[in-house]
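Participant: Structure in structure tokens, see below.
The values are calculated or read from the model by the stated rules, or taken from the named source; none is laboratory data. Note that this is a predicted model, so its numbers are computed, not measured. Don't worry about glycine lacking a Cβ; one is built from the backbone with ideal geometry, like all the others, and counts go over all protein chains shown.
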Ligand code: BGC
């Protein structure tokens with residue numbers, strides 16, 4: 001357990017002495033679900049689950065906490081846990097699941113029967129299953145897989161600016177961005193929130209350093225990779241990419257920036273494929289009204305993140321049935337298809353990933369599934385740092401601070417920023 005989780009664990013053991021049960025009881029039971037799926041497109045996706053669970057007779061208490069990337073939701077969750085009142089189910093990802101499980105607050109028993117009956121071990125890739133297991137037991141159900149390193153393009157805007165093809169290298173990206181600027185468009189829609197800055201940063205690192213370099217730097221946190229010439233180059237390119245970002249984007253939500261590309265004010269956005277949920281909501285078609293291409297220079301790699309719903313121990317034993325129903329529904333074929341079509345992601349089930357056409361997934365999702373399976377074999381599949389899959393949240397916070405300060409400081413020096421990155425990460429470990 002890292003130090004911030006240790007502090008959390010200590011606070012929780014005190015708070016549990018004074019806690020009260022707040023679960024409302026009704027016929028089949030009610031479950032509160034804390035998540036951060038609050039944009040229009042994300043809400044359409046989570047409403048699929050809510051409807052299925054309610055159809056089964058359970059009450060869904062919506063614990064939505066606004067804020068892309070989930071940092072605010074995680075803060076709310078920690079204070080709820082400290083107050084002895086965690087929700088029945090919450091969206092938590094990656095290594096953080098292990099830290100939460102180590103506090104003893106997650107329930108290792110409630111999903112046992114469902115996982116066995118529904119043969120989760122056969123449905124899921126081992127890498128996926130291991131992320132949501134603690135000491136061999138499922139403490140969460142994986143929901144979907146997102147790819148981070150995408151570039152979203154409005155082809156109509158590209159045409160108006162005289163650009164005839166999607167960029168495949170950083171140089172082509174800069175050339176396209178220059179044309180967009182000259183034609184009066186915002187070249188790159190981007191909300192300047194730390195998680196969005198780091199989403200762009202990790203795509204640029206992947207482009208410059210390749211999957212192996214990305215792994216050494218952002219997953220293994222290797223000193224040489226973090227401070228060496230390749231990272232300095234990546235930071236130099238990041239600064240150049242940043243010159244094309246929306247000047248009105250400071251502090252802006254990702255979906256409001258996506259809307260600028262959808263409405264034809266901007267040409268491109270670098271964002272994970274939840275961005276597609278906004279295009280889908282606007283009734284736009286992949287390949288026709290918009291293009292999704294891997295971020296230039298990253299077509300052989302796949303930065304992934306797996307959304308998961310963890311189950312917390314509850315004082316009201318009646319909640320278990322609702323938790324189990326949610327878990328059963330989430331890995332069901334019907335939900336896997338409908339949720340990901342709305343959300344922009346791809347299913348977590350192996351059988352579905354191998355047969356995407358059958359389920360009516362669009363060209364972006366089909367490309368994602370094909371690349372996910374191929375990159376899992378060739379080392380190109382890497383966990384996203386910006387989306388909680390690669391490091392502890394404390395280390396991620398160090399990345400966020402240094403990257404955002406670097407982007408916003410007109411005098412910042414890339415070699416100096418690389419050193420600061422390494423120092424901040426070490427202090428956070
Ligand atoms: C989550 C997505 C979510 C996105 C924007 C990511 O970290 O994995 O499910 O749509 O943040 O909030």
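Participant: Do we find a residue being touching a strand residue (DSSP E or B) at 6+ places or on another chain (Cβ under 8 Å) and touching a residue at least 40 places away in the same chain (Cβ under 8 Å) anywhere in region 234-244?
Facilitator: There is at least one residue in region 234-244 that is touching a strand residue (DSSP E or B) at 6+ places or on another chain (Cβ under 8 Å) and touching a residue at least 40 places away in the same chain (Cβ under 8 Å).
Participant: Which helices (runs of 4 or more DSSP H) sit wholly inside region 152-261 and have at least 3 residues that are out of contact with any helix residue (DSSP H, G or I) (no Cβ under 8 Å at 6 or more places or on another chain)? Break it down into steps so the answer makes sense when it comes.
Facilitator: Working: elements: 155-160, 170-182, 194-214, 223-227, 229-242.
In region 152-261, 155-160, 170-182, 194-214 are the helices (runs of 4 or more DSSP H) which contain 3 or more residues that are out of contact with any helix residue (DSSP H, G or I) (no Cβ under 8 Å at 6 or more places or on another chain).
Participant: In region 377-396, how many are within 18 Å of the chain's Cα centre (by Cα) and surrounded by fewer than 18 Cβ atoms within 10 Å (Cβ to Cβ)?
Facilitator: Of the residues in region 377-396, 1 are within 18 Å of the chain's Cα centre (by Cα) and surrounded by fewer than 18 Cβ atoms within 10 Å (Cβ to Cβ).
Participant: For the subset of region 111-151 comprising residues that are outside any strand (DSSP E or B) and within 16 Å of the ligand (Cβ to nearest atom), which member is nearest to residue 323 (Cα to Cα)?
Facilitator: In this case the residue turns out to be 132.
Participant: Can you give me the number of residues within region 248-272 that are near the ligand (Cβ under 10 Å from one of its atoms) and surrounded by fewer than 24 Cβ atoms within 10 Å (Cβ to Cβ)?
Facilitator: Summing the residues that are near the ligand (Cβ under 10 Å from one of its atoms) and surrounded by fewer than 24 Cβ atoms within 10 Å (Cβ to Cβ) in region 248-272 gives 2.
Participant: Can you tell me which residues in region 356-366 are touching a residue at least 60 places away in the same chain (Cβ under 8 Å) and away from the ligand (no atom under 16 Å from the Cβ)?
Facilitator: 362, 363
Participant: To continue, here is another question. For the condition more than 16 Å from the ligand (Cβ to nearest atom), assigned to a loop (DSSP other than H, G, I, E, B) and crowded, with 21+ Cβ neighbours inside 10 Å, what is the one hit in 108, 87?
Facilitator: On the way: 108 fails: crowded, with 21+ Cβ neighbours inside 10 Å.
Exactly one residue qualifies, and that residue is 87.
Participant: Check residue 300 against each of (1) surrounded by fewer than 19 Cβ atoms within 10 Å (Cβ to Cβ); (2) within 24 Å of residue 204 (Cα to Cα); (3) touching a helix residue (DSSP H, G or I) at 6+ places or on another chain (Cβ under 6 Å) and name the one condition it does not meet.
Facilitator: With respect to (1) surrounded by fewer than 19 Cβ atoms within 10 Å (Cβ to Cβ); (2) within 24 Å of residue 204 (Cα to Cα); (3) touching a helix residue (DSSP H, G or I) at 6+ places or on another chain (Cβ under 6 Å), residue 300 is out only on (3).
Participant: So the check is Cβ under 7 Å with 6+ separation or different chains; which pairs have a first residue in region 367-390 that's on the phi > 0 side of the Ramachandran plot and touching a residue at least 12 places away in the same chain (Cβ under 8 Å) and a second one that's away from the ligand (no atom under 16 Å from the Cβ) and part of a helix (DSSP H, G or I)?
Facilitator: Every condition considered, the pairs that remain are 379/211; 379/212.
Participant: Among the residues of region 317-355, what is the count of those that are in a loop (DSSP other than H, G, I, E, B), closer than 24 Å to residue 98 by Cα and either within 16 Å of the ligand (Cβ to nearest atom) or at pLDDT below 95 (or both)?
Facilitator: Residues flagged as in a loop (DSSP other than H, G, I, E, B), closer than 24 Å to residue 98 by Cα and either within 16 Å of the ligand (Cβ to nearest atom) or at pLDDT below 95 (or both) within region 317-355 amount to 4.
Participant: Okay, moving on. Sort out which residues of region 40-81 are more than 16 Å from the ligand (Cβ to nearest atom) and not in a helix (DSSP H, G or I), and write them in order of number.
Facilitator: Of everything in region 40-81, those that are more than 16 Å from the ligand (Cβ to nearest atom) and not in a helix (DSSP H, G or I) turn out to be 56, 57, 58, 59, 60, 61.
Participant: I need every pair where a residue in region 268-297 that is assigned by TED's automatic domain parsing to the domain that holds residue 199 and on the phi > 0 side of the Ramachandran plot has its Cβ under 7 Å from the Cβ of a residue that is part of a loop (DSSP other than H, G, I, E, B) and away from the ligand (no atom under 15 Å from the Cβ), sequence separation at least 6 or different chains.
Facilitator: From region 268-297, the pairs are 297/169.
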